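Trainee: The structure's right below; bear with me while I get my questions together.
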Amino acid sequence: MLPGSRYELLRSRLIAREASDFARTLPEHELQSLWFSGAFGRDFPTTDGRRVHIIQFGIWNHEAGPDFAEAAISIDGGPAQRGHIELDPDARDWERHGHATNPEYDGVVLHAFFERGEADAFTRTSKHRSIPQIRLSLAAIDDPPTPQPEAKPGRCVGPLRNLPEEKVRDVLRDAALFRMRRKGAALLRVEEIHGPDEMLFQALAGTLGYKSNKLPFTLLAQRLPLKLLRAAKDDAPALLFGVAGFLDQRDLAPFDSPTRIYLRSLWEKWWPRRAEFERLTVPRPLWKMSGQRPMNHPQRRLAALAQLIAQWPRVRALRAACLPKTITEFCAELTDPYWDHHYTVTSKPAAKRMALIGETRATEMLVNVFFPITLTAHPERWAEFSQLPASLTNARVEVAALRLFGDSPLGQELLKKAAFQQGLLQVYEDFCQRDASDCQRCLFPEQLAGW
Ligand code: SF4
(Lines give C-alpha, C1' and ligand atoms only; values in the text may rest on other atoms or scores of the structure.)
Protein backbone atom coordinates (compact mmCIF):
# COMPACT_ATOMS: atom_id res chain seq x y z
CA MET A 1 0.00 0.00 0.00
CA LEU A 2 1.29 3.49 -0.90
CA PRO A 3 2.21 5.77 2.01
CA GLY A 4 -0.90 7.76 2.94
CA SER A 5 -3.23 5.28 1.23
CA ARG A 6 -4.74 3.91 4.41
CA TYR A 7 -5.89 7.37 5.43
CA GLU A 8 -7.09 7.99 1.88
CA LEU A 9 -9.26 4.88 2.00
CA LEU A 10 -10.78 5.87 5.32
CA ARG A 11 -11.40 9.39 4.07
CA SER A 12 -12.99 8.32 0.80
CA ARG A 13 -15.48 6.08 2.65
CA LEU A 14 -16.51 8.77 5.09
CA ILE A 15 -16.38 11.98 3.12
CA ALA A 16 -18.84 10.84 0.47
CA ARG A 17 -21.50 10.64 3.18
CA GLU A 18 -21.07 14.24 4.26
CA ALA A 19 -20.05 16.00 1.07
CA SER A 20 -23.53 17.02 0.03
CA ASP A 21 -24.14 18.97 3.24
CA PHE A 22 -22.53 22.10 1.79
CA ALA A 23 -23.39 23.89 -1.41
CA ARG A 24 -20.23 25.44 -2.83
CA THR A 25 -19.84 28.70 -4.62
CA LEU A 26 -16.60 30.44 -5.48
CA PRO A 27 -16.01 33.98 -6.73
CA GLU A 28 -15.23 34.38 -10.43
CA HIS A 29 -11.57 35.35 -9.87
CA GLU A 30 -11.00 32.19 -7.89
CA LEU A 31 -12.68 30.08 -10.58
CA GLN A 32 -10.41 31.66 -13.21
CA SER A 33 -7.34 31.08 -11.09
CA LEU A 34 -8.30 27.43 -10.54
CA TRP A 35 -8.96 26.96 -14.25
CA PHE A 36 -5.55 28.40 -15.14
CA SER A 37 -3.90 26.02 -12.67
CA GLY A 38 -5.57 23.06 -14.39
CA ALA A 39 -7.61 22.19 -11.29
CA PHE A 40 -10.61 21.20 -13.41
CA GLY A 41 -8.48 19.05 -15.71
CA ARG A 42 -7.62 19.51 -19.37
CA ASP A 43 -9.88 16.96 -21.08
CA PHE A 44 -13.61 17.60 -21.20
CA PRO A 45 -16.72 16.54 -23.07
CA THR A 46 -18.35 19.40 -24.94
CA THR A 47 -22.06 19.98 -24.46
CA ASP A 48 -22.67 18.46 -27.92
CA GLY A 49 -20.76 15.27 -27.14
CA ARG A 50 -17.32 15.90 -28.60
CA ARG A 51 -14.01 15.60 -26.73
CA VAL A 52 -11.90 18.68 -26.16
CA HIS A 53 -8.30 18.66 -25.00
CA ILE A 54 -6.64 21.85 -23.78
CA ILE A 55 -3.25 21.91 -25.44
CA GLN A 56 -2.30 25.33 -24.06
CA PHE A 57 -4.08 27.26 -21.33
CA GLY A 58 -2.63 30.45 -22.82
CA ILE A 59 -2.04 33.65 -20.91
CA TRP A 60 -4.29 36.07 -19.05
CA ASN A 61 -5.51 38.48 -21.67
CA HIS A 62 -4.03 42.00 -21.38
CA GLU A 63 -6.45 43.39 -23.95
CA ALA A 64 -10.17 44.01 -23.86
CA GLY A 65 -12.09 40.83 -24.65
CA PRO A 66 -12.04 37.21 -23.48
CA ASP A 67 -10.30 36.05 -20.30
CA PHE A 68 -7.45 34.00 -21.76
CA ALA A 69 -5.44 34.61 -24.94
CA GLU A 70 -2.98 32.47 -26.92
CA ALA A 71 -4.71 29.25 -25.91
CA ALA A 72 -4.90 26.12 -28.06
CA ILE A 73 -7.40 23.28 -28.03
CA SER A 74 -7.96 20.10 -29.96
CA ILE A 75 -11.40 18.67 -30.67
CA ASP A 76 -11.81 14.92 -31.12
CA GLY A 77 -8.06 14.62 -31.57
CA GLY A 78 -8.05 17.07 -34.48
CA PRO A 79 -5.47 19.77 -35.24
CA ALA A 80 -4.73 22.53 -32.75
CA GLN A 81 -7.19 25.43 -32.85
CA ARG A 82 -5.57 28.56 -31.51
CA GLY A 83 -7.47 31.43 -29.98
CA HIS A 84 -9.09 32.72 -26.82
CA ILE A 85 -10.89 30.95 -24.02
CA GLU A 86 -13.73 32.61 -22.13
CA LEU A 87 -14.71 31.35 -18.70
CA ASP A 88 -17.99 32.43 -17.12
CA PRO A 89 -19.88 31.37 -14.03
CA ASP A 90 -22.99 30.84 -16.18
CA ALA A 91 -23.45 29.90 -19.85
CA ARG A 92 -25.99 32.70 -20.19
CA ASP A 93 -23.33 35.31 -19.31
CA TRP A 94 -22.20 35.14 -22.93
CA GLU A 95 -25.43 36.75 -24.08
CA ARG A 96 -25.97 38.83 -20.94
CA HIS A 97 -22.57 40.50 -21.31
CA GLY A 98 -23.03 41.14 -25.03
CA HIS A 99 -20.18 38.87 -26.18
CA ALA A 100 -22.33 37.47 -29.00
CA THR A 101 -22.32 40.81 -30.79
CA ASN A 102 -18.86 41.96 -29.73
CA PRO A 103 -16.19 41.34 -32.42
CA GLU A 104 -13.50 41.22 -29.69
CA TYR A 105 -14.93 37.77 -28.86
CA ASP A 106 -14.78 36.46 -32.43
CA GLY A 107 -11.47 34.70 -31.73
CA VAL A 108 -12.86 32.55 -28.89
CA VAL A 109 -12.33 28.83 -29.49
CA LEU A 110 -13.85 27.55 -26.24
CA HIS A 111 -16.50 28.75 -23.80
CA ALA A 112 -16.26 27.22 -20.33
CA PHE A 113 -18.89 27.75 -17.63
CA PHE A 114 -20.26 26.21 -14.47
CA GLU A 115 -24.01 26.76 -14.57
CA ARG A 116 -26.59 26.83 -17.30
CA GLY A 117 -30.31 27.53 -17.27
CA GLU A 118 -33.15 25.21 -18.15
CA ALA A 119 -33.06 26.14 -21.82
CA ASP A 120 -29.99 25.58 -24.01
CA ALA A 121 -27.72 28.61 -24.16
CA PHE A 122 -25.69 28.66 -27.36
CA THR A 123 -22.36 30.43 -27.69
CA ARG A 124 -22.04 32.24 -31.00
CA THR A 125 -19.74 34.94 -32.25
CA SER A 126 -20.80 38.14 -34.00
CA LYS A 127 -20.13 36.26 -37.26
CA HIS A 128 -22.54 33.49 -36.20
CA ARG A 129 -19.81 30.91 -35.65
CA SER A 130 -20.79 28.36 -33.02
CA ILE A 131 -18.22 28.00 -30.22
CA PRO A 132 -17.75 24.67 -28.41
CA GLN A 133 -19.00 24.77 -24.83
CA ILE A 134 -17.82 22.83 -21.80
CA ARG A 135 -19.47 22.70 -18.43
CA LEU A 136 -17.07 22.55 -15.49
CA SER A 137 -17.90 21.07 -12.13
CA LEU A 138 -16.85 22.33 -8.73
CA ALA A 139 -16.87 18.69 -7.64
CA ALA A 140 -13.41 18.50 -9.26
CA ILE A 141 -12.12 20.81 -6.52
CA ASP A 142 -11.25 18.78 -3.51
CA ASP A 143 -10.69 21.66 -1.10
CA PRO A 144 -12.97 21.60 1.90
CA PRO A 145 -15.85 24.02 2.23
CA THR A 146 -15.22 27.01 4.45
CA PRO A 147 -17.24 26.65 7.66
CA GLN A 148 -15.07 27.25 10.71
CA PRO A 149 -15.83 24.64 13.34
CA GLU A 150 -16.18 25.75 16.95
CA ALA A 151 -13.01 25.88 19.02
CA LYS A 152 -13.96 23.23 21.58
CA PRO A 153 -13.05 19.61 22.29
CA GLY A 154 -14.85 17.32 19.83
CA ARG A 155 -16.20 13.79 20.12
CA CYS A 156 -12.89 12.23 19.13
CA VAL A 157 -11.04 13.37 22.25
CA GLY A 158 -12.14 10.17 24.09
CA PRO A 159 -11.36 7.65 21.33
CA LEU A 160 -7.99 9.27 20.65
CA ARG A 161 -7.12 9.19 24.35
CA ASN A 162 -7.91 5.48 24.46
CA LEU A 163 -5.76 4.72 21.45
CA PRO A 164 -2.11 3.71 22.01
CA GLU A 165 0.12 6.69 21.28
CA GLU A 166 1.90 4.90 18.46
CA LYS A 167 -1.44 4.41 16.68
CA VAL A 168 -2.34 8.08 17.07
CA ARG A 169 1.00 9.00 15.53
CA ASP A 170 0.41 6.48 12.77
CA VAL A 171 -3.01 7.95 11.87
CA LEU A 172 -1.61 11.48 11.71
CA ARG A 173 1.51 10.39 9.82
CA ASP A 174 -0.64 8.67 7.21
CA ALA A 175 -2.92 11.72 6.95
CA ALA A 176 0.17 13.92 6.51
CA LEU A 177 1.60 11.63 3.82
CA PHE A 178 -1.69 11.79 1.99
CA ARG A 179 -1.72 15.60 2.26
CA MET A 180 1.84 15.98 0.98
CA ARG A 181 1.15 13.62 -1.91
CA ARG A 182 -1.87 15.71 -2.90
CA LYS A 183 0.06 18.96 -2.66
CA GLY A 184 2.83 17.46 -4.78
CA ALA A 185 0.34 16.23 -7.39
CA ALA A 186 -1.28 19.68 -7.64
CA LEU A 187 2.12 21.32 -8.13
CA LEU A 188 3.17 18.81 -10.76
CA ARG A 189 -0.10 19.45 -12.59
CA VAL A 190 0.76 23.16 -12.79
CA GLU A 191 4.29 22.22 -13.86
CA GLU A 192 2.91 20.11 -16.70
CA ILE A 193 0.82 23.06 -17.93
CA HIS A 194 3.12 26.02 -17.31
CA GLY A 195 6.58 24.53 -16.85
CA PRO A 196 8.81 24.07 -13.78
CA ASP A 197 9.80 27.71 -13.26
CA GLU A 198 6.29 29.15 -13.52
CA MET A 199 4.99 26.43 -11.21
CA LEU A 200 7.62 27.21 -8.59
CA PHE A 201 6.99 30.94 -8.94
CA GLN A 202 3.21 30.63 -8.59
CA ALA A 203 3.53 28.28 -5.63
CA LEU A 204 6.00 30.51 -3.76
CA ALA A 205 3.86 33.57 -4.47
CA GLY A 206 0.82 31.78 -3.06
CA THR A 207 2.77 30.91 0.09
CA LEU A 208 3.84 34.54 0.51
CA GLY A 209 0.16 35.50 0.43
CA TYR A 210 -0.54 33.48 3.57
CA LYS A 211 -4.05 32.16 3.81
CA SER A 212 -5.80 35.52 3.62
CA ASN A 213 -3.99 36.81 0.51
CA LYS A 214 -3.21 33.54 -1.21
CA LEU A 215 -5.67 34.22 -4.04
CA PRO A 216 -4.42 37.73 -4.99
CA PHE A 217 -0.78 36.57 -4.82
CA THR A 218 -1.56 33.55 -7.00
CA LEU A 219 -3.48 35.72 -9.46
CA LEU A 220 -0.53 38.11 -9.64
CA ALA A 221 1.90 35.31 -10.39
CA GLN A 222 -0.45 33.86 -13.00
CA ARG A 223 -1.10 37.22 -14.65
CA LEU A 224 2.53 38.33 -14.57
CA PRO A 225 4.47 35.19 -15.49
CA LEU A 226 7.99 34.81 -14.18
CA LYS A 227 9.36 34.86 -17.71
CA LEU A 228 7.86 38.31 -18.29
CA LEU A 229 9.07 39.62 -14.93
CA ARG A 230 12.60 38.32 -15.38
CA ALA A 231 12.72 39.94 -18.81
CA ALA A 232 11.46 43.21 -17.24
CA LYS A 233 14.59 43.23 -15.00
CA ASP A 234 14.56 46.38 -12.83
CA ASP A 235 10.95 47.11 -13.76
CA ALA A 236 9.71 43.85 -12.21
CA PRO A 237 8.94 45.30 -8.72
CA ALA A 238 7.01 48.18 -10.31
CA LEU A 239 4.99 45.78 -12.45
CA LEU A 240 4.20 43.66 -9.40
CA PHE A 241 3.13 46.66 -7.32
CA GLY A 242 1.24 48.21 -10.23
CA VAL A 243 -0.73 45.09 -11.18
CA ALA A 244 -1.37 44.47 -7.48
CA GLY A 245 -3.13 47.84 -7.52
CA PHE A 246 -0.77 49.30 -4.91
CA LEU A 247 0.36 52.26 -7.04
CA ASP A 248 -2.94 54.01 -7.52
CA GLN A 249 -2.22 56.88 -5.12
CA ARG A 250 -0.66 59.72 -7.09
CA ASP A 251 -0.45 62.17 -4.23
CA LEU A 252 2.67 61.18 -2.31
CA ALA A 253 2.61 64.21 -0.02
CA PRO A 254 1.19 62.32 3.00
CA PHE A 255 4.24 60.00 3.13
CA ASP A 256 7.59 60.57 4.80
CA SER A 257 10.62 61.29 2.65
CA PRO A 258 12.07 57.74 2.27
CA THR A 259 8.60 56.42 1.41
CA ARG A 260 8.04 59.17 -1.14
CA ILE A 261 11.34 58.34 -2.82
CA TYR A 262 10.54 54.63 -2.78
CA LEU A 263 7.01 54.97 -4.16
CA ARG A 264 8.05 57.52 -6.77
CA SER A 265 10.73 55.15 -8.08
CA LEU A 266 8.10 52.43 -8.51
CA TRP A 267 5.52 54.79 -9.89
CA GLU A 268 7.84 56.22 -12.55
CA LYS A 269 8.52 52.72 -13.88
CA TRP A 270 4.89 51.66 -13.66
CA TRP A 271 3.38 54.70 -15.32
CA PRO A 272 4.74 54.17 -18.89
CA ARG A 273 3.60 50.51 -18.81
CA ARG A 274 0.31 51.05 -17.01
CA ALA A 275 -1.91 50.98 -20.12
CA GLU A 276 -0.37 47.66 -21.17
CA PHE A 277 -1.07 45.91 -17.87
CA GLU A 278 -3.97 47.79 -16.34
CA ARG A 279 -6.56 45.24 -17.34
CA LEU A 280 -4.73 42.63 -15.26
CA THR A 281 -4.92 44.66 -12.04
CA VAL A 282 -5.98 42.55 -9.08
CA PRO A 283 -9.26 43.99 -7.75
CA ARG A 284 -8.84 45.84 -4.46
CA PRO A 285 -11.52 43.86 -2.58
CA LEU A 286 -9.49 40.67 -3.02
CA TRP A 287 -6.72 42.07 -0.81
CA LYS A 288 -6.90 41.68 2.94
CA MET A 289 -4.75 44.54 4.21
CA SER A 290 -5.57 44.49 7.92
CA GLY A 291 -6.02 41.92 10.65
CA GLN A 292 -2.55 40.39 10.29
CA ARG A 293 0.84 41.00 11.84
CA PRO A 294 2.47 44.13 10.33
CA MET A 295 5.46 42.00 9.26
CA ASN A 296 3.07 40.06 7.03
CA HIS A 297 1.63 43.06 5.25
CA PRO A 298 1.06 42.12 1.58
CA GLN A 299 3.24 44.97 0.31
CA ARG A 300 6.23 43.65 2.29
CA ARG A 301 5.54 40.18 0.93
CA LEU A 302 5.35 41.53 -2.60
CA ALA A 303 8.78 43.10 -2.12
CA ALA A 304 9.97 39.65 -0.99
CA LEU A 305 8.54 38.11 -4.17
CA ALA A 306 10.43 40.69 -6.22
CA GLN A 307 13.63 39.60 -4.47
CA LEU A 308 12.94 35.95 -5.26
CA ILE A 309 12.64 36.92 -8.94
CA ALA A 310 15.94 38.82 -8.77
CA GLN A 311 17.61 35.71 -7.31
CA TRP A 312 15.80 33.17 -9.47
CA PRO A 313 18.73 30.88 -10.42
CA ARG A 314 19.36 30.38 -6.70
CA VAL A 315 15.66 29.73 -6.04
CA ARG A 316 15.70 27.07 -8.75
CA ALA A 317 18.72 25.47 -7.10
CA LEU A 318 16.89 25.48 -3.74
CA ARG A 319 14.12 23.44 -5.31
CA ALA A 320 16.58 20.91 -6.67
CA ALA A 321 18.32 20.35 -3.34
CA CYS A 322 15.42 20.99 -0.91
CA LEU A 323 17.62 21.48 2.15
CA PRO A 324 15.74 23.16 5.02
CA LYS A 325 18.80 24.89 6.49
CA THR A 326 19.92 26.29 3.13
CA ILE A 327 16.42 27.50 2.29
CA THR A 328 15.96 29.18 5.68
CA GLU A 329 19.37 30.87 5.38
CA PHE A 330 18.65 32.03 1.85
CA CYS A 331 15.36 33.58 2.96
CA ALA A 332 17.03 35.28 5.93
CA GLU A 333 19.58 36.91 3.61
CA LEU A 334 17.02 38.48 1.26
CA THR A 335 17.16 42.21 1.58
CA ASP A 336 15.43 45.34 0.34
CA PRO A 337 16.71 48.77 1.32
CA TYR A 338 13.21 50.11 1.98
CA TRP A 339 11.37 47.08 3.37
CA ASP A 340 14.20 46.00 5.64
CA HIS A 341 13.08 48.84 7.90
CA HIS A 342 9.38 49.32 7.11
CA TYR A 343 6.30 47.33 8.09
CA THR A 344 4.03 49.30 5.75
CA VAL A 345 4.30 52.47 3.67
CA THR A 346 2.55 54.39 6.43
CA SER A 347 4.54 53.06 9.41
CA LYS A 348 7.54 54.84 10.88
CA PRO A 349 10.91 53.31 9.92
CA ALA A 350 12.10 50.66 12.37
CA ALA A 351 15.68 50.96 13.64
CA LYS A 352 16.25 47.22 13.58
CA ARG A 353 16.35 45.29 10.30
CA MET A 354 13.38 42.97 9.75
CA ALA A 355 13.65 39.84 7.65
CA LEU A 356 11.77 39.99 4.38
CA ILE A 357 11.05 36.29 4.69
CA GLY A 358 11.43 35.06 8.25
CA GLU A 359 11.84 31.54 9.56
CA THR A 360 8.10 30.89 9.84
CA ARG A 361 7.46 31.75 6.20
CA ALA A 362 10.51 29.75 5.10
CA THR A 363 9.04 26.73 6.92
CA GLU A 364 5.72 27.29 5.17
CA MET A 365 7.56 27.28 1.85
CA LEU A 366 9.24 24.01 2.81
CA VAL A 367 5.93 22.46 3.82
CA ASN A 368 3.82 23.76 0.93
CA VAL A 369 6.25 23.90 -1.96
CA PHE A 370 9.73 22.42 -1.63
CA PHE A 371 8.97 19.17 0.20
CA PRO A 372 5.75 18.31 -1.68
CA ILE A 373 7.72 18.53 -4.95
CA THR A 374 10.69 16.64 -3.57
CA LEU A 375 8.68 13.88 -1.89
CA THR A 376 6.88 13.13 -5.13
CA ALA A 377 10.15 12.17 -6.80
CA HIS A 378 11.97 11.02 -3.64
CA PRO A 379 9.56 9.48 -1.12
CA GLU A 380 12.59 8.27 0.86
CA ARG A 381 13.11 11.86 2.00
CA TRP A 382 10.04 11.61 4.22
CA ALA A 383 12.35 10.86 7.17
CA GLU A 384 13.89 14.33 6.75
CA PHE A 385 10.51 15.99 6.43
CA SER A 386 9.19 14.25 9.52
CA GLN A 387 11.99 15.89 11.54
CA LEU A 388 11.17 19.40 10.36
CA PRO A 389 10.15 21.53 13.34
CA ALA A 390 6.79 23.23 12.93
CA SER A 391 6.62 26.97 12.50
CA LEU A 392 4.47 28.90 14.91
CA THR A 393 1.03 27.39 15.17
CA ASN A 394 -1.85 29.24 13.58
CA ALA A 395 -5.50 29.47 14.61
CA ARG A 396 -6.59 26.56 12.43
CA VAL A 397 -3.97 24.18 13.77
CA GLU A 398 -4.78 25.15 17.33
CA VAL A 399 -8.51 24.67 16.85
CA ALA A 400 -7.79 21.31 15.20
CA ALA A 401 -5.62 20.21 18.14
CA LEU A 402 -8.25 21.33 20.63
CA ARG A 403 -11.03 19.47 18.82
CA LEU A 404 -9.09 16.23 18.51
CA PHE A 405 -7.02 16.21 21.68
CA GLY A 406 -8.71 18.57 24.16
CA ASP A 407 -6.16 19.44 26.86
CA SER A 408 -4.12 16.26 26.38
CA PRO A 409 -0.35 16.97 26.44
CA LEU A 410 0.02 14.67 23.40
CA GLY A 411 -1.84 17.22 21.26
CA GLN A 412 0.65 19.94 22.20
CA GLU A 413 3.58 17.58 21.71
CA LEU A 414 2.47 16.63 18.20
CA LEU A 415 2.10 20.27 17.21
CA LYS A 416 5.86 20.71 17.44
CA LYS A 417 6.51 18.85 14.19
CA ALA A 418 5.46 20.18 10.78
CA ALA A 419 4.46 16.70 9.59
CA PHE A 420 2.04 16.12 12.47
CA GLN A 421 0.58 19.59 11.98
CA GLN A 422 -0.08 18.63 8.37
CA GLY A 423 -1.77 15.39 9.45
CA LEU A 424 -3.88 17.25 11.98
CA LEU A 425 -4.94 19.83 9.40
CA GLN A 426 -5.92 17.09 6.97
CA VAL A 427 -8.23 15.46 9.51
CA TYR A 428 -9.62 18.86 10.46
CA GLU A 429 -10.40 19.76 6.83
CA ASP A 430 -11.75 16.33 5.93
CA PHE A 431 -13.93 15.83 8.95
CA CYS A 432 -14.36 18.87 11.22
CA GLN A 433 -14.88 21.33 8.36
CA ARG A 434 -17.35 19.02 6.64
CA ASP A 435 -19.30 18.11 9.76
CA ALA A 436 -22.64 19.83 10.15
CA SER A 437 -23.82 17.81 13.14
CA ASP A 438 -21.66 19.09 16.01
CA CYS A 439 -19.67 15.82 15.80
CA GLN A 440 -22.76 13.63 16.19
CA ARG A 441 -22.77 12.16 12.67
CA CYS A 442 -19.01 12.28 12.15
CA LEU A 443 -17.71 8.74 11.76
CA PHE A 444 -14.04 9.53 12.31
CA PRO A 445 -14.04 8.57 16.03
CA GLU A 446 -15.54 5.13 15.30
CA GLN A 447 -13.07 4.51 12.48
CA LEU A 448 -10.16 5.19 14.79
CA ALA A 449 -10.94 2.09 16.83
CA GLY A 450 -10.38 -0.08 13.77
CA TRP A 451 -7.18 1.65 12.60
S1 SF4 B 1 -16.04 16.61 13.62
FE2 SF4 B 1 -15.33 14.51 13.74
S3 SF4 B 1 -13.10 14.67 13.58
FE4 SF4 B 1 -13.86 16.70 14.09
S5 SF4 B 1 -13.77 16.79 16.33
FE6 SF4 B 1 -15.84 16.12 15.77
S7 SF4 B 1 -15.73 13.92 15.84
FE8 SF4 B 1 -13.64 14.64 15.76
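Trainee: Give the aspartates and glutamates reachable from LYS269 as a straight Cα distance under 18 Å; neighbours fewer than 8 places away on the same chain don't count.
Mentor: Cross-link targets: ASP234, ASP235, ASP248, ASP251, GLU278, ASP336.
Trainee: P(r) for the chain, please, calculated from all Cα pair distances in 10 Å bins and given in %.
Mentor: Answer for the chain: a P(r) of 4, 19, 27, 25, 18, 7, 1, 0 percent.
Trainee: State, to one decimal in nm, how far the label point of LYS416 lies from the label point of ALA377, with both points 7 Å from Cα in the Cβ direction.
Mentor: 3.3 nm
Trainee: Could you go through segment 106-119 in sequence order and give the Karplus-derived ³J(HN,Hα) for each residue, using 6.51 cos²θ - 1.76 cosθ + 1.60 with θ = phi - 60°, rounded to whole Hz, and x for Gly and Pro?
Mentor: Couplings: 5, x, 6, 10, 8, 10, 10, 7, 10, 10, 8, x, 5, 7 Hz.
Trainee: What is the distance in Å between the Cα centroid of segment 235-289 and that of segment 176-207?
Mentor: Taking the Cα centre of segment 176-207 as reference, the centre of segment 235-289 is 29 Å away.
Trainee: What does the accessible area of ILE261 come to, in Å² to the nearest 10, when a probe of 1.4 Å is used?
Mentor: Here the residue's solvent-accessible area equals roughly 110 Å².
Trainee: Suppose R0 equals 45 Å; then what is the FRET efficiency for GLN56 and GLN387 from their Cβ-Cβ distance, rounded to the nearest 0.05?
Mentor: 0.65
Trainee: What FRET efficiency comes out for the pair ALA321/LYS352, r = Cβ-Cβ distance, R0 = 41 Å, nearest 0.05?
Mentor: Efficiency computed from Cβ-Cβ geometry: 0.85.
Trainee: Once amide H atoms are built 1.01 Å from N in the peptide plane, which residues 5 or more positions from ARG51, or in another chain, come under 5 Å H to H?
Mentor: The list, which skips near neighbours in sequence, is THR46, ASP76.
Trainee: Shifting gears a bit: Between ARG230 and ASP143, what's the calculated FRET efficiency when r is the beta-carbon distance and R0 is 25 Å? Round to 0.05.
Mentor: 0.25
Trainee: What is the local net charge at GLY117, summed over the other residues whose Cβ is closer than 10 Å to its Cβ (Lys, Arg +1; Asp, Glu -1)?
Mentor: Value of the local net charge: -2.
Trainee: Then there is this: Just the accessible area for PHE370, please: 1.4 Å probe, Å², rounded to the nearest 10?
Mentor: PHE370 exposes around 10 Å² with every protein chain in place.
Trainee: What is the gain in length, in nm to one decimal, between GLU165 and ARG293 on full extension, counting 0.36 nm per residue of separation less the C-alpha to C-alpha distance?
Mentor: 42.5 nm
The values are calculated or read from the model by the stated rules, or taken from the named source; none is laboratory data. Given the structure is predicted, the values throughout are model-derived calculations rather than measurements. Glycine gets a Cβ as well: all are built from the backbone with ideal geometry, and neighbour counts include every protein chain shown. Accessible surface is based on the protein model in full, side chains and every heavy atom, while ligands, DNA and RNA are left aside. Shrake-Rupley method; radii C 1.70, N 1.55, O 1.52, S 1.80 Å.
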